[in-house]
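Worksheet: the structure to be examined is printed underneath.
The values are calculated or read from the model by the stated rules, or taken from the named source; none is laboratory data. Quick caveat: nothing in here was measured; it's all calculated off a predicted structure. Here the Cβ positions follow ideal geometry from the backbone for every residue, glycine too, while neighbour counts run over all protein chains shown. Each accessible area value is taken on the protein alone, full model and side chains, heavy atoms only, with ligands, DNA and RNA left out. Shrake-Rupley method; radii C 1.70, N 1.55, O 1.52, S 1.80 Å.
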Amino acid sequence: MYISELKLWNFRKFGGDDFDLTKPHLAVPFKKGMNVLIGENDSGKTAVIDAIKYVLKTNAYESIRIQQDDFYNDEEHLRIELLIDDITDSEAKNFIEITIPRDYGGLASMKLVLDVARKDGHIQAYEVKGGNDADGHSLTPLMKDNLRITYLKPLRDAENELTAKKNSRLSQILQSHELLKQPQNGDKHELIKIIEDANAEIEAWFDDDTGGDASHQKLIKGVIDKFLKLFISNDAESQFLLAEPTMKNILERLAISVVDSKNLGLGTLNRLFMATELLHLKKKGDNLKLCLIEELEAHIHPQAQMKVISALQQEKGVQFILTTHSPNITSKVKLGKDNVFNSILMCNSNNVFPMGPGYTKLDKKDYKYLDTFLDVTKSNLFFAKGVILVEGWAEEILIPIIASKMGIDLTLHEISVVNVGSTAYLHFARIFMRKAVPEMNVKCAIITDLDVRPDTPDKAQVEKEKRDSIEEKLEKPLPANIALCLAKEWTLEWCLFKSPVLSELFKDSVAEVHSKTTEFKKDTITHRYKDSFETKLSEKLKNRRLDKTAIALILSEKIEKATLNFNQQDEYIKYLLDAIKFVVS
């Protein structure tokens with residue numbers, strides 16, 4: 001069984017004036033396996049996690065109760081619904097009263113509801129109920145126990161949690177394990193026998209009076225007992241113990257570490273804590289195997305983040321719902337391997353947008369492509385307020401500096417320039433194209449070359465056909481949050497060469513990089529570039545022998561130092577300016 005859907009009404013930032021049970025203020029679908037919630041701060045990721053915790057509670061048995069701040073604005077009524085699907089017959093036996101049989105012999109499901117009201121500022125009594133009828137049924141202790149989940153909070157104090165002490169987190173985790181429960185036949189647990197034997201040996205060592213005045217008894221226990229009799233009474237006597245022989249006391253004196261490791265850093269301690277906490281997921285029985293993890297990346301370096309997320313994805317029969325701000329983690333989430341679609345869910349504009357099939361206009365080949373090429377750098381697009389997709393390094397280098405000269409700081413606007421390395425922008429653009437409303441509030445501009453050479457026969461007709469083909473591949477008309485910014489002619493470099501604003505700076509940059517090319521040298525008399533510059537540039541572009549990246553680096557430096565007027569009419573770089581304006585609008 002697994003959580004297939006969460007619905008919220010008037011919970012935290014997800015709410016409104018209307019309260020219609022057929023229209024939740026937020027509905028979040030989940031998949032089996034890995035579900036990753038991403039988005040900027042205050043986008044609702046923690047609200048989703050907390051809503052699940054309120055309904056199911058955790059294996060830590062911590063106090064989790066609805067607070068005043070959980071109500072949307074001044075509303076007096078909130079509601080959380082969880083749908084749990086694919087309940088096997090074996091699992092259903094623990095939830096007979098509240099499961100809903102599926103038609104045609106399919107697996108059962110159940111709905112859990114937390115409906116909370118407040119009056120005059122006071123939160124009214126509430127409880128989680130299950131079932132499909134209006135009133136629902138109260139959950140039995142056994143049901144509650146089988147629904148408890150594993151939860152790893154953000155900014156985990158791993159060292160404190162794993163240290164031996166009263167009510168340590170380690171002792172709580174171990175106490176719930178079936179191997180550490182008292183045997184039902186009344187026999188003592190093996191650990192208790194071990195501690196009793198150890199206590200007896202320790203006590204015997206301290207009571208050893210062989211050796212007279214130099215004995216253990218005389219030098220340690222005898223000294224303590226002398227003062228103890230004076231402080232308390234003549235009957236008082238000390239006793240040395242490793243631990244009181246009860247399971248709770250034994251476990252509270254246990255610590256855990258990594259073999260042959262000393263002075264563990266925060267990252268290693270954090271991974272050790274997560275590994276220990278995940279012991280709950282291996283608990284035998286027909287219980288819900290769900291793990292919530294907030295900010296998996298806390299205290300873990302990038303390579304370790306990817307190692308951990310890869311390991312978690314290999315866990316079978318466990319559902320993970322985690323939040324992250326890390327492109328490293330996002331880049332390792334497999335979106336469509338072997339037709340098993342993990343789920344990336346983007347929290348944006350008071351909504352949650354699943355990236356899976358049925359929600360975006362990505363098709364199966366897109367998912368396969370993204371699994372291969374969606375690396376750490378490109379994964380930045382999931383965390384941006386706007387995205388500019390470009391085909392190569394030159395555009396990636398030049399776009400930010402051109403924006404800066406326009407008075408636009410792309411970093412300040414949280415805009416990512418993502419270099420897809422080819423004309424494969426369709427695979428990435430469809431991430432932001434939804435099959436149904438609402439559209440995502442993330443602007444995506446696609447900058448692409450026209451790729452029609454100047455010497456092409458019937459050039460105007462071929463250019464029109466090429467434009468139509470590109471538009472058709474995307475979609476026509478495009479969604480409001482997507483813009484296609486197509487070069488006026490051939491390539492970026494050709495447009496820069498033709499540009500009234502940037503032409504001279506571009507030619508200077510080309511001449512500097514290809515300094516041995518005669519056609520790129522200025523006339524010694526006129527100090528102007530010869531007509532042969534255009535012919536040679538066309539030749540090098542056609543034969544792919546122009547060092548575009550090096551030219552872009554030098555050009556970016558020249559643009560930064562120059563005084564330029566991007567307001568003047570320039571049809572050749574307009575597509576670049578339009579893309580920048582679109583994503584920040």
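Can you tell me which residues in the range 513-522 are part of a loop (DSSP other than H, G, I, E, B), under 15 Å from D547 (Cα atoms) and open to solvent by 30 Å² or more (accessible area, probe 1.4 Å)?
Of everything in the range 513-522, those that are part of a loop (DSSP other than H, G, I, E, B), under 15 Å from D547 (Cα atoms) and open to solvent by 30 Å² or more (accessible area, probe 1.4 Å) turn out to be S515, K516.
From the list V501, V510, which one is assigned to a loop (DSSP other than H, G, I, E, B), under 44 Å from the mean Cα position of the chain (by Cα), surrounded by 13 or more Cβ atoms within 10 Å (Cβ to Cβ) and not charged (D, E, K, R)?
Matching residue, one of V501, V510: V501.
Anything in the range 222-239 that is open to solvent by less than 60 Å² (accessible area, probe 1.4 Å) and within 58 Å of the chain's Cα centre (by Cα)? List them, or say none.
S238
For the range 451-470, what are the residues that are surrounded by 15 or more Cβ atoms within 10 Å (Cβ to Cβ) and touching a helix residue (DSSP H, G or I) at 6+ places or on another chain (Cβ under 6 Å)?
Within the range 451-470, V452 is the sole residue that qualifies.
For the range 471-497, how many residues meet the condition of being in a helix (DSSP H, G or I) and either open to solvent by 50 Å² or more (accessible area, probe 1.4 Å) or more than 26 Å from E539 (Cβ to Cβ) (or both)?
Summing the residues that are in a helix (DSSP H, G or I) and either open to solvent by 50 Å² or more (accessible area, probe 1.4 Å) or more than 26 Å from E539 (Cβ to Cβ) (or both) in the range 471-497 gives 4.
Does the range 418-435 contain any residue that is open to solvent by 30 Å² or more (accessible area, probe 1.4 Å), closer than 20 Å to P327 by Cβ, touching a helix residue (DSSP H, G or I) at 6+ places or on another chain (Cβ under 6 Å) and among the aliphatic types (A, V, I, L, M)?
no
Matching residues to (1) in contact with a helix residue (DSSP H, G or I) (Cβ under 9 Å, 6 or more places away or on another chain); (2) open to solvent by less than 70 Å² (accessible area, probe 1.4 Å); (3) of a type in the set (G, A, S):
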residue	(1), (2), (3)
E190	no, no, no
A200	no, yes, yes
G211	yes, yes, yes
H216	yes, yes, no
I220	yes, yes, no
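Need the failing condition index for V48 against (1) in contact (Cβ under 8 Å) with a residue 24 or more places away in the chain; (2) surrounded by fewer than 20 Cβ atoms within 10 Å (Cβ to Cβ); (3) within 23 Å of G358 (Cβ to Cβ); (4) not hydroxyl-bearing (S, T, Y), just the number.
The one condition V48 does not meet is (2).
Restricting attention to the range 37-56, report how many residues are among the β-branched types (V, I, T) and more than 21 Å from the chain's Cα centre (by Cα).
Total satisfying the criteria: 1.
Scan the range 523-541 residue by residue and report those that are open to solvent by less than 90 Å² (accessible area, probe 1.4 Å) and out of contact with any Pro (no Cβ under 7 Å at 6 or more places or on another chain).
Selection gives D523, T526, Y529, S532, F533, E534, K536, L537, E539, K540, L541.
Given the structure, is E161 open to solvent by less than 70 Å² (accessible area, probe 1.4 Å), assigned to a helix (DSSP H, G or I) and more than 22 Å from V258 (Cα to Cα)?
Spelling it out, it is not the case that E161 is open to solvent by less than 70 Å² (accessible area, probe 1.4 Å), assigned to a helix (DSSP H, G or I) and more than 22 Å from V258 (Cα to Cα).
Output the qualifying pairs, or none if there are none: Cβ atoms under 9 angstrom, residues six or more apart or on different chains, first residue in the range 244-271 and over 27 Å from H299 (Cα atoms), second residue among the acidic types (D, E) and assigned to a helix (DSSP H, G or I).
Listed by first residue and then by second, the contacts come to P245/E196.
How do the pairs read when you match residues in the range 523-543 that are over 17 Å from R453 (Cβ atoms) with residues anywhere that are exposed (fewer than 13 other Cβ atoms within 10 Å of the Cβ), using Cβ under 9 Å and keeping only pairs 6 or more apart or on different chains?
Qualifying pairs under 9 Å: Y529/D523; K530/D523; S532/T518.
For the range 128-158, name all the residues that are open to solvent by 20 Å² or more (accessible area, probe 1.4 Å), farther than 30 Å from L21 by Cβ and not basic (K, R).
Those that are open to solvent by 20 Å² or more (accessible area, probe 1.4 Å), farther than 30 Å from L21 by Cβ and not basic (K, R): P154, L155, D157.
Identify the residue in the range 89-117 that is in contact with a helix residue (DSSP H, G or I) (Cβ under 9 Å, 6 or more places away or on another chain) and charged (D, E, K, R) and, among all such residues, is modelled with the highest pLDDT.
The qualifying residue modelled with the highest pLDDT is E91.
Output the residues belonging to the range 425-456 that are hydrophobic (A, V, I, L, M, F, W, C) and part of a loop (DSSP other than H, G, I, E, B).
M433, A436, V437, M440, V442, L450, V452 - these are the residues of the range 425-456 that are hydrophobic (A, V, I, L, M, F, W, C) and part of a loop (DSSP other than H, G, I, E, B).
I'm trying to understand the selection: among the residues of the range 390-407, which are in a loop (DSSP other than H, G, I, E, B) and buried (at least 18 other Cβ atoms within 10 Å of the Cβ)?
Scanning the range 390-407 gives E391, G392.
Specify the residue that is nearest to I80 (Cα to Cα); the eligible residues are those in the range 6-36 that are in contact (Cβ under 8 Å) with a residue 24 or more places away in the chain and basic (K, R).
Among them, the one singled out is K7.
In the range 366-416, which residues are closer than 22 Å to L335 by Cα and without any contact (Cβ under 8 Å) to a residue 40 or more places away in the chain?
Listed by number, the residues that qualify are Y367, K368, D371, T372, S416.
Any residue at all in the range 27-36 that's among the aromatic types (F, W, Y), within 28 Å of N328 (Cβ to Cβ) and under 18 Å from the mean Cα position of the chain (by Cα)?
Taking every residue of the range 27-36 in turn, at least one turns out to be among the aromatic types (F, W, Y), within 28 Å of N328 (Cβ to Cβ) and under 18 Å from the mean Cα position of the chain (by Cα).
Which numbered condition in (1) open to solvent by 60 Å² or more (accessible area, probe 1.4 Å); (2) in contact with a strand residue (DSSP E or B) (Cβ under 6 Å, 6 or more places away or on another chain); (3) at pLDDT 85 or above; (4) within 28 Å of D86 (Cβ to Cβ) is the only one that Q124 fails?
Only one criterion is unmet by Q124, namely (4).
Within the range 57-76, how many residues are in a strand (DSSP E or B) and either farther than 13 Å from K119 by Cα or within 25 Å of the chain's Cα centre (by Cα) (or both)?
Number of matching residues: 1.
From the list S109, S138, pick out the single residue that is over 28 Å from G265 (Cα atoms) and within 29 Å of the chain's Cα centre (by Cα).
That would be S109, the only listed residue that is over 28 Å from G265 (Cα atoms) and within 29 Å of the chain's Cα centre (by Cα).
Inside the range 118-136, can you point out the residues that are touching a helix residue (DSSP H, G or I) at 6+ places or on another chain (Cβ under 9 Å) and either without any contact (Cβ under 8 Å) to a residue 60 or more places away in the chain or not hydrophobic (A, V, I, L, M, F, W, C) (or both)?
Correct list: R118, G121, I123, G130.
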